[in-house]
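Enquirer: Sharing a structure below in structure tokens format, with a few things to ask.
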Amino acid sequence: MRLGDRGAPALRHALRVSLAVGACIVVSAAFSQGARAQDPEARAQDPGARAQNPLEREETGLFIEQARPFVEHARRAAERFGDPSAAMRSGYRRLGPDFPGMGEHWVHSGRIMSDALDPARPAILSYASRNGRRELVGVAFAIPLGPGDAPPAEPFGVDVWHDHTGAVDEELLLLNHPSTMHGKGTGHRLAVVHVWTGVENPAGLLTQNNWALPFWRHGLDAPDPLSSIAARGASLASDGGAFYRDLVHRVADLTPPEAAAVDEALAGAAEAARHAIERYRADPSLPVDQIQFEAIWAALWEAIRDAVDPEKWIAISKLSGAEGR
């Protein structure tokens, strides 16, 4: 599937400059709780919103029937990348951190600038570690867009694409990437759509963040229905809060006492999350108490709020989902 002249050399050059050769796609998870009535993660908490087969979900904008052949082709083609070494031999390289709701992004620099959608040639591979071993959890496709361009209507529909427009440092601080149809779309940008081929995403096959991953990483089934806030709390167990620590330090110029207090709060929350996870691993018959993980997440950001200057909290609060609280 080729998209006219969007792949023209001039546009490709502009995108390489503004997007740092595709590195901007390794972006952090979406934390905002705003507009939850339209949020697919919020809808996923409604037991009636789930379907047995993710290919048969009928949520508006998340999947349409015409995408079925493309997705199935992509799923089969991705099997050859189950081992990251196979991805490296094919030209993929890891960029950025391991995101709690997306895993690692392995990017093919040539394919990310292509103007064609080929299910057998994804621009991005997503890996996450389980029991110390990287596993392929999904793929992503990318299309370069110029000013005024819209993403292709086929095979996914236009609403599932999200935009990336900055260099690495800028993109790491942009925690909620706009839909290409709802962003300004005035400049050169990269439109990206995720396809979860390895781990089912309760919020939808094509939803950017897969909050089942924090539980999957520890060999646990995600609760049903799933609270994305609880999943964020559980994600602290995987990396000791290092991902969020880096974000807080990027967002605010902390004094040494503030930084020490923030790091202590993150370490304590990570330890609480690990303790809870180990309890469920030790007794798989126990149902996961999501309120426990939501409380860990809330207590973390309350501690950080109390540890920093109020002006700095205004910026930091965006990482918590507290919307300024």
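Conditions (1) open to solvent by 30 Å² or more (accessible area, probe 1.4 Å); (2) free of Cβ contacts under 8 Å to residues at least 60 places away in the same chain; (3) under 20 Å from the mean Cα position of the chain (by Cα), marked per residue:
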{"position": "HIS108", "(1), (2), (3)": "yes, yes, yes"}
{"position": "ASP118", "(1), (2), (3)": "yes, no, no"}
{"position": "SER126", "(1), (2), (3)": "no, no, yes"}
{"position": "ARG134", "(1), (2), (3)": "yes, yes, yes"}
{"position": "ILE143", "(1), (2), (3)": "no, no, yes"}
{"position": "ALA153", "(1), (2), (3)": "yes, yes, no"}
{"position": "GLY157", "(1), (2), (3)": "no, no, yes"}
{"position": "HIS164", "(1), (2), (3)": "no, no, yes"}
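Enquirer: While we're here: Regarding THR197, is this residue modelled with pLDDT under 90 and hydroxyl-bearing (Ser, Thr, Tyr)? If you could, list the steps in order and put the result at the bottom.
Expert: On the way: modelled with pLDDT under 90: no; hydroxyl-bearing (Ser, Thr, Tyr): yes.
When the stated conditions are applied, THR197 does not pass them.
Enquirer: Output the number of residues of the stretch 230-258 satisfying the condition of being among the hydrophobic types (A, V, I, L, M, F, W, C) and open to solvent by 20 Å² or more (accessible area, probe 1.4 Å). Break it down stepwise before answering.
Expert: Restricting attention to the stretch 230-258, the residues satisfying the condition of being among the hydrophobic types (A, V, I, L, M, F, W, C) are 230-231, 234, 236-237, 242-243, 247-248, 251-252, 254.
Those still in the list that are open to solvent by 20 Å² or more (accessible area, probe 1.4 Å) too: 242, 251, 254.
Final tally of qualifying residues: 3.
Enquirer: Follow-up question, since we're still on this one. Give the residue that is nearest to GLY241 (Cα to Cα), with candidates limited to residues of the stretch 89-106 that are buried (at least 20 other Cβ atoms within 10 Å of the Cβ) and out of contact with any strand residue (DSSP E or B) (no Cβ under 9 Å at 6 or more places or on another chain).
Expert: So, considering only residues that are buried (at least 20 other Cβ atoms within 10 Å of the Cβ) and out of contact with any strand residue (DSSP E or B) (no Cβ under 9 Å at 6 or more places or on another chain), the one nearest to GLY241 (Cα to Cα) is PRO100.
Enquirer: Return the residues of the stretch 293-325 that are under 19 Å from ASP239 (Cβ atoms) and part of a loop (DSSP other than H, G, I, E, B); say none if nothing qualifies.
Expert: Across the stretch 293-325, the qualifying residues are SER320, GLY321.
Enquirer: Still on this structure, I have one more. Just the residues that are within 12 Å of HIS218 (Cβ to Cβ), touching a residue at least 40 places away in the same chain (Cβ under 8 Å) and part of a helix (DSSP H, G or I), please, taken from the stretch 274-292.
Expert: Scanning the stretch 274-292 gives ALA276, ILE277, TYR280, ARG281.
The values are calculated or read from the model by the stated rules, or taken from the named source; none is laboratory data. On a predicted model such as this, the values are computed, not experimentally measured, just so you know. Neighbour counts are summed over all protein chains in view; Cβ atoms, including those assigned to glycine, are modelled from backbone coordinates with ideal geometry. Side chains included, ligands, DNA and RNA excluded: accessible areas come from the protein's heavy atoms. Shrake-Rupley method; radii C 1.70, N 1.55, O 1.52, S 1.80 Å.
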